[in-house]
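Structure record follows, encoded as structure tokens.
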Amino acid sequence: MSAAASPQAPPPQAQLMQMAYGFCTTFLLRTAAQLSLADHLADGPKTVEQLAALTKTSAPALFRLLRTLAGIGIFSEDESHQFSLTPLAEPLRSGIPGSVRTSILSITGDLFIIPWSKLLYSVQTGQPSFDKHFGAPFFDHLAGLPEEAAWFHDMLISFNYPDAPAVADAYSFTPYARIADIGGATGHMLTTVLASHPGPSGIVFDLAENQAGAEELIQSRGMADRVGFIAGSFFEDIPTGCDLYMMSHVIHDWSEEQCLTILANCHRAMPPGSRLLIIESVLPEGNSFHPGKMLDMSMLTLTPGQERSEPEYRALLEKAKFKLNRVIPTNSAVSIVEAFPA
């Protein structure tokens, strides 16, 4: 018996067209999230007519949408023409652990789609197309949109959720007595680290607007006796008195000048013998794929920041009077850049 022939890859033209057509999946997911279809199917299968009544849509058009979604594994149609959830559709439900509904609404909305559609401008100028279109920097504009800001925050948690346990597993935090999570938002990274390292205590340092959410998360994880919150801006000053400082998904948001300001504030706050951990995508050089390379394009269009390779981190840290000690890979897309004051 001859061996089964391996399937041939589509010709380059077909592969490129499939890539170009990728936006269709983006908007299929967005519409499913906007209509809360997974929520409507949470209690069991429903007909298109029932779903159309619940979503106030055209039944024939909704059927075409559901049929297409079912074709890519989101929802399933049975012989009686009722649609039901699939495992892939479950995270589209609202208010459940691991829900990505609002994250999808964020990443498929105008805040991301419009700047990406103007990527050419960013490549030509080196400036964020977001600022050009919306007339303000990303975070300034987002501050005036409370619903979108909440979606964006949920998206960051969903996107970065695997990083915290991966970082906790990859690095020994036990030798440190007090850890500062700079720009730590609601404290997911720090509380996850401390959960598997019972010795240290720590602080979450971020803007005052994150304090209520951080205190709620810290309390819910039973960490109130080990973790406190300090309000402030890393562009102005950073708390002293810790022997390990970490920043997760902070440096990549800002221009080199802004990064140097943040790092200078860290340098000034850090006592002798302390360490700095920068938790970010560290891009491989060469042709290999890495999720951080796609993320870097988001940084190019949305912010003045960027993802960096190890040599680029080394150069940045040297400008800030730090020495890069090592880069530690994790089981997620991020690595740990360990440095100390030079």
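One residue stands out in region 225-240 among those that are open to solvent by less than 60 Å² (accessible area, probe 1.4 Å) and assigned to a loop (DSSP other than H, G, I, E, B): the one that is farthest from GLN258 (Cα to Cα), namely ARG226. None of PHE134, PHE152 is within 30 Å of SER196 (Cα to Cα) and open to solvent by less than 60 Å² (accessible area, probe 1.4 Å) except PHE152. The single residue among ILE72, ILE96 that is among the β-branched types (Val, Ile, Thr), farther than 24 Å from ILE157 by Cβ and within 28 Å of the chain's Cα centre (by Cα) turns out to be ILE72.
The set of residues in region 187-204 being small (Gly, Ala, Ser) and open to solvent by less than 10 Å² (accessible area, probe 1.4 Å) consists of GLY187, GLY202.
The set of residues in region 47-69 that are outside any helix (DSSP H, G or I) and surrounded by 15 or more Cβ atoms within 10 Å (Cβ to Cβ) contains only THR57. For MET294, the criteria (1) under 19 Å from the mean Cα position of the chain (by Cα); (2) touching a residue at least 60 places away in the same chain (Cβ under 8 Å) hold in every case but one, which is (2). Looking only at region 237-281, residues that are closer than 19 Å to LYS323 by Cα and of a type in the set (Phe, Trp, Tyr) come to 1 in all. Please give the number of the condition LEU207 fails out of (1) more than 19 Å from the chain's Cα centre (by Cα); (2) surrounded by fewer than 19 Cβ atoms within 10 Å (Cβ to Cβ); (3) within 30 Å of GLN306 (Cβ to Cβ). Only one criterion is unmet by LEU207, namely (1). Sub-6 Å Cβ pairs linking a first residue in region 120-140 that is in contact (Cβ under 8 Å) with a residue 60 or more places away in the chain to a second residue that is part of a loop (DSSP other than H, G, I, E, B), at least 6 apart or interchain, are PRO128/THR303; SER129/LYS118; PHE138/THR303, ordered by first then second residue. Of all residues in region 4-50, those satisfying the criterion of being within 19 Å of HIS81 (Cβ to Cβ) and of a type in the set (A, V, I, L, M) are ALA32, LEU35, LEU37, ALA38, LEU41, VAL48.
One line per residue, one yes/no per condition, for (1) of a type in the set (Gly, Ala, Ser); (2) in contact with a helix residue (DSSP H, G or I) (Cβ under 8 Å, 6 or more places away or on another chain); (3) under 18 Å from CYS24 (Cα atoms):
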site: LEU105; (1), (2), (3): no, yes, yes
site: THR108; (1), (2), (3): no, yes, yes
site: ILE114; (1), (2), (3): no, yes, yes
site: PRO128; (1), (2), (3): no, yes, no
site: PHE138; (1), (2), (3): no, yes, no
site: ALA143; (1), (2), (3): yes, yes, no
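Within region 175-226, the set of residues being modelled with pLDDT of 95 or more, β-branched (Val, Ile, Thr) and touching a Gly at 6+ places or on another chain (Cβ under 7 Å) comprises ILE179, ILE203, VAL204, ILE218. On the basis of being over 19 Å from ALA164 (Cα atoms), among the hydrophobic types (A, V, I, L, M, F, W, C), in a helix (DSSP H, G or I) and open to solvent by less than 20 Å² (accessible area, probe 1.4 Å), does CYS266 make the cut? So CYS266 fits the description; yes.
Would you confirm whether or not region 75-85 contains a residue that is farther than 22 Å from ILE113 by Cβ, free of Cβ contacts under 8 Å to residues at least 60 places away in the same chain, outside any loop (DSSP other than H, G, I, E, B) and not polar (S, T, N, Q)? Yes - at least one qualifying residue is present in region 75-85. Of all the listed residues (ILE104, ILE72), the sole one being open to solvent by less than 30 Å² (accessible area, probe 1.4 Å) and aliphatic (A, V, I, L, M) is ILE104.
Residues that are outside any helix (DSSP H, G or I), open to solvent by less than 10 Å² (accessible area, probe 1.4 Å) and closer than 25 Å to ALA168 by Cβ occur at least once in region 281-301. I'd like to know if region 111-121 contains one or more residues that are over 21 Å from ASP154 (Cβ atoms), more than 24 Å from the chain's Cα centre (by Cα) and among the charged types (D, E, K, R). Within region 111-121 (the criterion being over 21 Å from ASP154 (Cβ atoms), more than 24 Å from the chain's Cα centre (by Cα) and among the charged types (D, E, K, R)), the answer is no, since none of the residues qualifies. Taking the listed residues SER298, SER288, SER309, SER332, the one that is touching a Leu at 6+ places or on another chain (Cβ under 6 Å) and among the hydroxyl-bearing types (Ser, Thr, Tyr) is SER309, with no other qualifying.
The values are calculated or read from the model by the stated rules, or taken from the named source; none is laboratory data. Quick caveat, the model's predicted, so the values are computed rather than measured. Reconstructed Cβ throughout: ideal geometry from the backbone, glycine too, with neighbour counts over all protein chains shown. We work out accessible area using only protein heavy atoms, side chains counted, and drop any ligands, DNA or RNA first. Shrake-Rupley method; radii C 1.70, N 1.55, O 1.52, S 1.80 Å.
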